[in-house]
Amino acid sequence: MYSIETKSLSKIYENGLRAVDDVSIKVDNGEIFGFLGPNGAGKSTTIMILTTLLKPTLGTAHVAGYDVVLQAKKVREMIGYVQQDSTVDEYLTGRENLELQARLNHIQKDLVKSRIDEILNLVELSDRQHDSVNAYSGGMRKRLDIAGGLLHRPKVLFLDEPTLGLDIQTRYKIWEYIKKIHKEYDMSIFLTTHYMEEADRLCDNISIIDRGKIKVTNSPASLKNALGNDVIVFEIDSDTKLESLISEIQKIQLVKDIKTNGEEVTVFSTNGNQVMPKIFELSLKVGIKIESISLTKPTLDDVFLSYTGKELRDENGGYNNKKEREKMRRLRA
Amino acid sequence: MIISDTYTIFWREMKRYRKSRSGVLIRLIQPAIWIIVIGNTFAGTQPLIKSVGYDLSYIEFMTPGVIILTAIFTSIFGGVNTLWDRRYGFMNKALTSPISRSSIALGKMLAISLVSALQASLILGIALAIGVNFVNPLMFIPIMLIVILFSLGFSGISVVVAATAKSQETFWGIVNFLGMPLFMLSPALFPLELVPDWLAVVAKLNPVTYSVLLIRGMMTGTTQAVSVVLDLAVISGFVIIMVALASYVFTREVNKPF
């Protein structure tokens with residue numbers, strides 16, 4: 001039995017937008033599975049279907065063996081859900097928030113105290129437990145959110161963008177906690193992220209999702225290996241003869257894939273040190289001047305680029321992203 | 001299970017209320033102005049009121065009305081945090097936990113009703129402080145129980161509106177539209193015996209009327225068993241309908257995405 005299994009899951013909104021399009025995934029027990037994609041790719045919609053908040057338009061989904069539509073109540077007993085935005089009660093103290101969480105999840109009365117003590121210890125909030133959440137930093141709130149999702153020891157934990165908007169140190173800290181809880185409680189974790197590094201560090205397997213569709217599913221290592229072990233990026237002075245250069249480079253046996261972005265060309269290959277001189281030769285032949293060139297190891301960013309033809313920026317802020325997110329929020333309404 | 005789940009939500013709402021006490025005093029200002037300003041403005045209508053059998057000063061006559069005014073507005077506004085909860089994720093947290101949907105609505109309504117009674121008791125205190133006569137102080141507890149019961153019905157209206165409305169603007173628009181007429185179309189400020197027939201007929205269809213009459217009777221010690229039974233029956237019927245409607249509408253609406 002898989003802890004999550006979806007078959008041809010689709011969500012089509014009233015305006016015809018396919019937020020989730022024919023998504024089929026299998027997550028093993030005890031696995032950390034990542035959904036990686038840009039804002040508006042359908043990650044949150046998928047999580048909302050799996051946590052029984054939205055009904056799928058087509059297809060089926062099972063969580064911990066139960067159907068999310070037909071056995072929603074059973075599913076709710078099995079899952080923990082840490083939402084993208086903080087959901088802790090501002091006016092309550094950290095401990096009161098967890099007491100509320102314990103009641104919501106029907107934790108046996110005699111276990112509540114010890115569970116809360118334990119989890120506060122785990123996320124290192126014991127010394128601030130009696131402060132009202134008003135006084136917590138963003139990172140502390142997130143830790144409290146995660147603690148709340150874990151308190152009842154769910155079989156499957158959903159983390160929606162667990163480190164969105166947090167600074168680098170806090171992000172590392174949260175990753176540590178996620179690894180720690182995964183080891184300690186042996187639960188399956190389904191997380192969505194648009195941070196490559198996050199997926200790379202935490203996940204056993206990832207699906208790359210773009211515009212509601214899954215582009216590829218595999219372990220981060222295999223995805224990177226599939227691109228060869230090297231990435232060559234070079235810039236040229238003009239793109240007039242670019243096409244002939246690219247078709248020449250494609251003929252090199254070691255090259256696996258080429259993507260262009262304006263005057264920047266990315267070549268995925270094995271044995272890049274042998275490919276680089278050949279690129280120089282070919283550019284001379286075609287008559288294109290190479291302005292700069294670099295040889296690096298592939299990251300998941302490169303994987304993303306190779307599967308979607310787009311770059312996934314490792315940041316959240318931008319105006320357009322925000323607008324996009326607001327739009328998705330409204331669509332869900 | 002539904003009882004303990006309801007208590008969970010009630011517990012959370014009361015915790016939140018306790019920590020935001022600054023609002024309590026602000027919410028008292030308006031009903032206090034009603035008592036002091038309207039109470040004195042219409043002091044001269046005392047002979048009229050007396051002519052239909054109320055041997056009271058005008059302020060004494062309208063104090064039960066202002067208690068109900070406080071209850072109406074505290075409870076009809078009280079459901080607004082449902083909108084916040086949906087916007088800021090608490091609702092999703094509750095909806096993905098195993099507690100039942102109706103208990104979320106009921107817990108909120110109970111908390112609102114208790115808060116409403118607390119506010120009403122403070123208003124009663126103000127009224128006593130400015131010299132309103134309260135025949136039998138032992139009636140305080142039954143009066144507050146009636147305020148709680150009555151508020152349960154009105155908080156049901158609030159929860160229904162909040163669950164259906166997608167925005168704050170819609171919510172405030174609707175509750176203000178409902179609250180004031182329901183208050184006005186009752187003997188809260190003036191005896192029904194002295195208003196035009198058609199107004200009196202409309203007022204008799206309004207549950208607010210029966211609450212005002214009941215509390216007025218209890219405060220002045222003029223209650224009669226027959227009218228108590230009738231008043232209580234009407235109020236209880238209203239509350240039962242609102243509780244059922246609120247849990248039905250709430251459950252239906254929260255299953256739609258916000």
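Nothing in this text is a laboratory measurement; each read-out follows from the coordinates by a stated rule. Since this is a predicted model, take the numbers as computed values, not measurements. Cβ: placed from backbone, ideal geometry, glycine included. Neighbour counts: every protein chain shown.
Relative to the longest principal axis of the C-alpha atoms of chain A, give the angle of the C-alpha long axis of helix A:319-332, reported between 0 and 90° and rounded to the nearest 10°.
Compared with the principal axis, the helix lies near 50 degrees.
Expressed as a whole number of Å, what is the distance separating the alpha-carbon centroids of region A:27-74 and region B:123-200?
45 Å
Only sites in a loop by DSSP and with at most 15 other Cβ atoms within 10 Å count here; which GluC sites (Glu not before Pro) in region A:1-80 make the cut?
Answer in residue order: A:Glu14.
For B:Lys15, give me every one of the aspartates and glutamates with a C-alpha distance below 18 angstrom, ignoring sequence neighbours fewer than eight places off in its own chain.
Within reach: A:Asp89, A:Glu90, A:Glu96, A:Glu99, A:Asp131, B:Asp5, B:Asp85.
Taking only DSSP H segments of four or more residues, each worth -39500 (n - 2.57), what value at 222 nm results for the protein assembly as shown once the sum is divided by all its residues, to the nearest 500 deg cm²/dmol? List each step's numbers first, then the result.
Details: 24 runs with 325 residues, N = 591.
Counting only the DSSP helices, I get -17500 deg cm²/dmol.
How far is helix B:207-220 tilted off the main Cα axis of chain B, in degrees rounded to 10, range 0 to 90?
50 degrees
Just to confirm my numbers, what's the Cα centroid distance between region A:87-108 and region A:175-225 in Å?
For region A:87-108 versus region A:175-225, the Cα centre distance is 28 Å.
For the Cα atoms of chain A, what angle does the longest principal axis make with the long axis of helix A:138-150, in degrees from 0 to 90, nearest 10?
70 degrees
Can you spot the lysines whose alpha carbon is less than 19 Å from A:Lys289's alpha carbon? Ignore those fewer than 8 places along the same chain.
The qualifying lysines are A:Lys241, A:Lys259, A:Lys278.
Which one of B:Tyr210, B:Trp172, B:Asn255 has its Cα pushed farthest toward the positive end of the charge dipole of chain B, where Lys and Arg give +1 and Asp and Glu give -1 at the Cβ?
Going by the Cα projections, it comes out as B:Asn255.
Over 30 Å between Cα atoms: which of B:Lys93/B:Lys166; A:Lys55/A:Lys256; A:Lys183/A:Lys224 fall into that group? Working shown, then result.
Values: B:Lys93/B:Lys166 19 Å; A:Lys55/A:Lys256 40 Å; A:Lys183/A:Lys224 25 Å.
Among B:Lys93/B:Lys166; A:Lys55/A:Lys256; A:Lys183/A:Lys224, the Cα-Cα distance tops 30 Å for A:Lys55/A:Lys256.
Rounded, prolate or oblate, given the Cα gyration tensor of region A:1-72, with a/c below 1.5 counting as rounded?
Values: a/c = 2.07, a/b = 1.33, b/c = 1.56.
Since a/c reaches 1.5 but b/c is at least a/b, the shape of region A:1-72 is classed as oblate.
Shielding by partners for A:75-82, please: the mean number of other protein chain Cβ atoms within 10 Å of each residue's Cβ. Intermediate results must be reported in sequence, preceding the final value.
On the way: counts 2, 5, 2, 1, 3, 2, 6, 2.
Mean partner shielding for this stretch: 3.
For A:Lys180, give me every one of the lysines with a C-alpha distance below 18 angstrom, ignoring sequence neighbours fewer than eight places off in its own chain.
Of all the lysines, those that pass the test against A:Lys180 - Cα under 18 Å, at least 8 places apart if same chain - are A:Lys142, A:Lys155.
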